[in-house]
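What follows is one structure encoded as structure tokens, with my remarks underneath.
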Amino acid sequence: MTPPITPAEAHVFERFHDAVFVRDMEGTIHFWNAASAALYGWPSHTALGANARALLKCEHHRDPHACADAKVLADGYWEGELSRLTETGSRRLVNVRWSLRRDAAGNPVGVLETGHDISSAKELERHLKASEYRYRNLFQAMAASFWELDFTAVGPKIRALLDAGVRDLEPYFLTHPEVVRDMMRSTRVLDLNDHSLRLFGRGNRAEMLGTVDRYWPDESIQVYARCVVKSLAGLPNNIEVTRLKTIDGTAFECLFTACFSKENLARGVILIGIIDLSELAAARHALEIMQTELAHVARISILGELSASIAHEIKQPLTSISTYAQAALRWLKRPQPDLQEIENALLQIIDEAQRTDDVIGRIRAMALRRPAEESDVAINEVVQDSLQFTDHELRKHSIRLTTELAGALPPVRADRVLLQQVIVNLVMNAAQAMASTASAPRELTLRSTSPDGQDVRFEVLDSGPGIAPGLEHKLFESFFTTKTTGMGMGLPICRSIIEAAGGLIQLENRDDGSSGAKVTITLPGLKRPV
Ligand code: ADP
């Protein structure tokens, strides 16, 4: 019988990088090169004479083995993928080519196989498919809006800016919004998920493809600019809460994330994700309105508590006005009216009327229902204004007031009336605490400092009974009160006002050797001294 391989052929095949082996028609292996030994693990002395199918536990990847055998017999050639067992028991996926060997009479005498390992390539392909599937799933199934944007046309525009000498893009974009708008008009929507169609559009994908500028209101233009700046700086993403608008032009609040992966940037693509925050924003807005209402109710309630002081403050100038008017009348009724005295009395009347007007103005500001409005506030001025409300109350309870207000404090950013409400509230609490005990002396100290030259600290120190042990943590809870007529909302409202201004408020017992309570407010100071 003709052997399926000649020594000359064996010599050549031995040098092949591919695994080459030759079997006869029964499957017995007659040739086994070094690459076969390396791939399957079996040395040639084991493989030679063994049955190929038994040795390699051959499994077809796609076709049944018999079919491949039939094909190679019929066509003289077969190519396919086979899963094979190696000497260590692991499976390898091998891409093989079989060619039929014939003797001089044309009878098949064997099959020559060349093969190479494709296990890792297949694995990679499988991984890629799985991750693409996952990505697609995420892209479509998440309750978030995802967009793929093509910004290839933006690159030349940025290069032109740099060539024109623009060194720092961020400030440039701030002063040239029209340039940013132009870049938006060059940024195209490549793809977007179904959620985006619902969130931004009317459900029509074709209508939404195009450029991105129509989804960007002017107020958010710098978000796009920062994406450009950050991607150029090599940062991985840009995340911001901003506002975008739907295809119908309705602006809504959202969490915006742009990812600048190197692979995508190389393709001129960025991926953005958008989460709708409008419901959250509406809830936050409703809460803000409620807080404003509550603060307003609390102010009205303080004014109620202060009604005796207010009446006193208004009554005093009115009494003076009446006295000066009577005096003026007397000067007038003299046979020789003293015009100088009359003028003096009238000037005093004007002064007193102005005083009344100021008192009414302060009360009106406290009583008014209006949204919070921040401005740069000098805390010492607010302390002085607040004391005008509480002055009479302090005198009524024989409370000695000491003010230690530091000069040249940095201003704070807050709503002036709300801050005044806080101070009046704290002074009233201190006055009530001191009035609750018969023990004299009753002393109140208001102190403002800036310990580090940056933050502003304001302290209210009283000589009352202080905080009973175990109550420290309850004081700021809503409706916690130890007073028979108390509402327990004063301190929680003070805290929400101070925290809204970025500050902190604490109430504790004094630690300076005196008995009584101490309230400390710390607010971030602005740079400019006032
Ligand atoms: P209310 O004044 O209606 O009780 P607040 O929220 O202003 O409500 O105060 C809550 C509680 O905190 C008071 O009832 C009191 O027990 C305590 N408190 C507040 N300020 C002082 C203070 N200066 N000294 C002692 N206790 C205080």
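Among I270, A74, T520, whose Cα sits farthest toward the positive end of the charge dipole of the chain (+1 at Cβ of Lys/Arg, -1 at Cβ of Asp/Glu, about the Cα centre)?
Of the options given, the answer is A74.
Please list 3J(HN,Hα) in residue order for the stretch 2-13, calculated via the Karplus relation 6.51 cos²θ - 1.76 cosθ + 1.60 where θ = phi - 60°; whole Hz, with x for glycine and proline.
The phi angles translate into 5, x, x, 8, 8, x, 5, 5, 4, 4, 5, 4 Hz.
If you put +1 on each Lys and Arg Cβ and -1 on each Asp and Glu Cβ, how big is the dipole of the stretch 446-527 around its Cα centre, in Debye rounded to 20?
The dipole of the stretch 446-527 has a size of about 200 debye.
Using R₀ = 56 Å, calculate the FRET efficiency as 1/(1 + (r/R₀)^6) where r is the Cβ-Cβ separation of E472 and T175; round to 0.05.
For E472 and T175, the calculated efficiency is 0.60.
For the stretch 1-126, with only Lys/Arg (+1) and Asp/Glu (-1) charged at the beta-carbon, what is the dipole magnitude about the Cα centre, in debye rounded to 20?
Computed charge dipole of the stretch 1-126: roughly 160 debye.
Which net charge results for the neighbourhood of F476, defined as the other residues with beta-carbon distances under 14 angstrom from its beta-carbon, given Lys and Arg at +1 and Asp and Glu at -1?
Result for the local shell: -2.
How large is ³J(HN,Hα), in whole Hz, for each residue of the stretch 91-105 in order, when computed from phi with the Karplus curve 6.51 cos²θ - 1.76 cosθ + 1.60 and θ = phi - 60°, using x for Gly and Pro?
For the stretch 91-105, the Karplus-derived couplings read 9, 10, 9, 10, 8, 10, 10, 9, 10, 7, 9, 10, 8, 4, 7 Hz, x marking Gly and Pro.
How much area per residue is accessible in the chain when the probe is 1.4 Å and only protein heavy atoms are counted (Å²)? Display every interim value, and only then the final one.
Working: 28630 Å² over 530 residues.
Ligands and nucleic acids excluded, the figure is 54 Å² per residue.
Report the charge-dipole magnitude of the chain in Debye, nearest 20, computed about the Cα centre from +1 at each Lys and Arg Cβ and -1 at each Asp and Glu Cβ.
380
Could you check how many percent of all C-alpha pairs in the stretch 99-172 are farther apart than 18 Å?
74
Consider just the alpha-carbon atoms of the stretch 370-493 and return their Rg together with their Dmax, both in angstrom.
15.2, 42
Set the Förster distance to 35 Å, then compute FRET efficiency between H312 and L280 from the Cβ-Cβ distance, nearest 0.05.
According to the calculation, E is roughly 0.15.
Please report the spacing between the Cα centers of the stretch 1-56 and the stretch 227-255 in Å, no decimals.
63
How large is the translational diffusion coefficient of the stretch 51-204 in µm² per second when you combine the Kirkwood radius over alpha carbon pairs with Stokes-Einstein at 10 °C and 1.306 mPa s?
The diffusion coefficient I find is 73 µm²/s.
Taking every DSSP beta bridge with both residues inside the chain, roughly what % is antiparallel (nearest 5)?
On the way: 79 of 85 bridges.
If I count the DSSP bridges inside the chain, around 95 percent turn out antiparallel.
What are the principal axis extents of the Cα atoms in the chain, in Å, biggest first?
161, 58, 43
Give me the distance between the Cα centres of the stretch 321-366 and the stretch 130-187, rounded to whole Å.
A separation of 70 Å, based on Cα centres.
With a 1.4 Å probe and every protein chain kept in, tell me what percent of the accessible surface of the stretch 442-530 is carbon plus sulfur. Please report the intermediate quantities before stating the final value.
On the way: 2430 of 4780 Å².
Exposed carbon and sulfur together represent 51 percent of the surface.
How far is helix 221-232 tilted, in degrees, relative to the longest principal axis of the Cα atoms in the chain, given as a value from 0 to 90 rounded to the nearest 10?
50
What ³J(HN,Hα) values, in whole Hz, does the Karplus curve 6.51 cos²θ - 1.76 cosθ + 1.60 give for the stretch 370-379 when θ = phi - 60°, with x put for Gly and Pro?
Residue by residue, the stretch 370-379 yields 7, x, 4, 9, 7, 8, 7, 10, 8, 5 Hz.
Which net charge results for the neighbourhood of L287, defined as the other residues with beta-carbon distances under 14 angstrom from its beta-carbon, given Lys and Arg at +1 and Asp and Glu at -1?
Spelling it out: positives minus negatives among the neighbours equals -3.
Measuring from label point to label point, each 7 Å out along Cα→Cβ, what is the R53 to T246 span in nm?
6.7
As an exercise, find the ratio Rg/Rh for the stretch 265-368 from alpha-carbon atoms, using the Kirkwood inverse-distance average for Rh.
That ratio equals 1.52.
Quick check: net charge around L128, other residues with Cβ under 13 Å of its Cβ, Lys/Arg +1 and Asp/Glu -1? Before the final figure, lay out the partial values.
On the way: positive: K122, R126, K129, R134, R136; negative: E123, E125, E132, E263.
Once all neighbours under 13 Å are counted, the net charge is +1.
So for the stretch 19-58, averaging the separation of alpha carbon pairs under 8 Å that are six or more residues apart and normalising by length, what relative contact order in percent results?
Averaging sequence separation for qualifying contacts and normalising by length gives 38 percent for the stretch 19-58.
Amide H neighbours of E79 under 5 Å, at least 5 residues apart or on other chains, H built in the peptide plane: list them.
It is W98, by chain and number.
Note down the relative contact order for the chain as a percent, whole number, built from C-alpha pairs under 8 angstrom at least six residues apart.
7
Cα gyration tensor of the stretch 356-441, axes a ≥ b ≥ c as square roots of the eigenvalues: rounded (a/c below 1.5), prolate (a/b > b/c) or oblate? Write out the running numbers ahead of the final one.
On the way: a/c = 2.11, a/b = 1.50, b/c = 1.40.
Prolate, because a/c is 1.5 or more and a/b exceeds b/c.
Binning every alpha carbon pair distance of the stretch 1-128 at 5 Å from zero, what are the percents per bin?
Distribution as computed: 2, 11, 20, 26, 21, 12, 5, 2, 1, 0 percent.
Rank-order 263-270, 178-185 by packing density, defined as the average count of other C-beta atoms within 10 Å over each peptide's residues, highest first. Don't jump to the answer; show the numbers that get you there.
Values: 263-270: 14.2, 178-185: 16.8.
Per-residue mean Cβ counts within 10 Å order the peptides as 178-185, 263-270.
Hey, if you drop one equal point scatterer on each alpha-carbon of the stretch 232-291 and run the Debye formula without solvent, what base-10 log of I(q)/I(0) do you get at q = 0.18 Å⁻¹?
Evaluating at q = 0.18 Å⁻¹ gives log10 I(q)/I(0) of -0.74.
Tell me which of T86, Q388, W331 sits at the most positive position along the dipole axis of the chain, charges placed on C-beta atoms (Lys, Arg +1; Asp, Glu -1).
T86
Ordered by packing density, taken as the mean number of other Cβ atoms within 10 Å over each peptide's residues, highest first, how do 195-201, 124-130 rank?
Top to bottom by mean Cβ count within 10 Å: 195-201, 124-130.
The values are calculated or read from the model by the stated rules, or taken from the named source; none is laboratory data. As the structure is a prediction and not an experimental result, all values here were calculated from the model. Every residue, glycine among them, receives a Cβ derived from its backbone with ideal geometry; neighbour counts consider all protein chains shown. When the accessible area is computed, the model is the full protein with side chains, heavy atoms only, and any ligands, DNA or RNA have been set aside. Shrake-Rupley method; radii C 1.70, N 1.55, O 1.52, S 1.80 Å.
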